[in-house]
Amino acid sequence: QGEIPEWIFEIDEIDSNQDGLLTAREISDFMETQSNLNDDGEINCWGRDEGDMDFPGDGYTALDMLSQHACALNSSGEVLCRGLDQEGASSDAPDGTYTHVSAGFIHSCAIATDGSATCWGQDDGGNITPPIGSFLEVSAGSAQSCALNTAGEIACWGVWETWGPEYEAPAGVY
């Protein structure tokens, strides 16, 4: 947890403490849009508004943003995505309870409480078709996604498979 000088973002619509600093637990940005998750579980977005970037209420526990959409987890483990809805990246968040979420370029992924990975949005060469397994974290990228499984190994899926061996996930336990 840290404090971010408010002047860095040139904003005044977000509450700050007496020193002019924002309290943020997580911060995420891409190009001209930024978002932060504060200690009260509120999400604030500012900058270029690509669709509805308003996350109502509070009680959020995680936030991730890439491209022109952001996804968050609420305290009940539900996924809520906002922003530009290209190919369903921000509107087709699946029902269920999740422990981790990641917003990719035009797709998003999440880890369910049973450890399974699920992805939605643009299917660019298999990037929304995760392997079967039990995972702890996921990272949705441009045209690929990778996840850390419970054995500590990295599994990736998507277009990287056609790019060549230099794009394969490193073997080993992490």
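Looking across the range 94-131 at every residue that is more than 16 Å from S145 (Cα to Cα) and in a loop (DSSP other than H, G, I, E, B), the one that is modelled with the lowest pLDDT is identified as P94.
Here M65 meets the list (1) in contact with a Ser or Thr (Cβ under 9 Å, 6 or more places away or on another chain); (2) assigned to a strand (DSSP E or B); (3) modelled with pLDDT of 90 or more almost entirely, failing just condition (3).
Selection within the range 68-88: residues that are at pLDDT 85 or above and of a type in the set (S, T, N, Q). The member of this set that is farthest from G41 (Cα to Cα) is S76.
Residues are listed down the side, and each one gets a yes or a no for (1) more than 22 Å from L37 (Cβ to Cβ); (2) basic (K, R); (3) open to solvent by less than 10 Å² (accessible area, probe 1.4 Å):
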{"position": "D58", "(1), (2), (3)": "no, no, no"}
{"position": "T61", "(1), (2), (3)": "no, no, no"}
{"position": "D64", "(1), (2), (3)": "no, no, no"}
{"position": "L73", "(1), (2), (3)": "no, no, yes"}
{"position": "G115", "(1), (2), (3)": "yes, no, yes"}
{"position": "G121", "(1), (2), (3)": "no, no, no"}
{"position": "D124", "(1), (2), (3)": "yes, no, no"}
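The single residue among S91, S142, S134 that is at pLDDT 95 or above, surrounded by fewer than 18 Cβ atoms within 10 Å (Cβ to Cβ) and of a type outside the set (D, E) turns out to be S134. Among the residues of the range 77-88, those that are farther than 17 Å from T118 by Cβ, outside any strand (DSSP E or B) and either open to solvent by less than 60 Å² (accessible area, probe 1.4 Å) or not acidic (D, E) (or both) comprise L84, Q86.
The values are calculated or read from the model by the stated rules, or taken from the named source; none is laboratory data. Since this is a predicted model, take the numbers as computed values, not measurements. We place every Cβ from the backbone using ideal geometry, glycine too, and count neighbours over all the protein chains shown. SASA here: full protein model, heavy atoms, side chains in, ligands and nucleic acids out. Shrake-Rupley method; radii C 1.70, N 1.55, O 1.52, S 1.80 Å.
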